[in-house]
Amino acid sequence: MRVTAPRKLLHAQAPDPGDKTLQAIKAGNPRKRIGDGPGPCLLLFVKGGAHGWRFDYSHGGKRLTLSLGTYPDTGLGLAREKAEKARKLVAAGIDPSTIFSDDLGGL
């Protein structure tokens, strides 16, 4: 009998949408958003054809969304970094949208 330690499941995670998956998205794709687990999601075909990274969070009892940049200018790794920094600000009680510009240029 094999005994394994229980897995720590924090969030139900979607499959990792690696860069190859993102590059293969074509116009007419029926999906509106591609999630990255607890990290950012990619909103498909915003701004006339670009894909936009978004980070959803709650602050002050309100549901808010923060823009992290557009794909491919902002890659998956950078979007994850920005989302993690924003998540830390939210955990500290700070609304990240009040500190940084829409594209989190300084983040």
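Amide H contacts of Gly37: Ala14, each under 5 Å away and 5 or more positions distant or on a separate chain (H built 1.01 Å from N in the peptide plane; Pro and chain starts excluded). Projected label points at Lys62 and Arg87, each 7 Å from Cα along the beta carbon direction, are separated by 2.4 nanometres.
Multiply the residue separation of Phe45 and Thr21 by 0.36 nm, subtract the distance between their alpha-carbon atoms, and state the gained length in nm to one decimal. All intermediate terms of the calculation are to be shown ahead of the outcome.
Numbers: separation 24, 0.36 × 24 = 8.64 nm, distance 1.49 nm.
Stretched fully, the Phe45-Thr21 segment lengthens by 7.1 nm.
For the pair Lys32 and Ile99, the difference between a 0.36 nm per residue extended length and the Cα-Cα distance amounts to 21.3 nm.
Taken together, the values in this text are just the output of simple stated rules run on the coordinates, not laboratory data. All values derive from a computational prediction rather than experimental measurement. We place every Cβ from the backbone using ideal geometry, glycine too, and count neighbours over all the protein chains shown.
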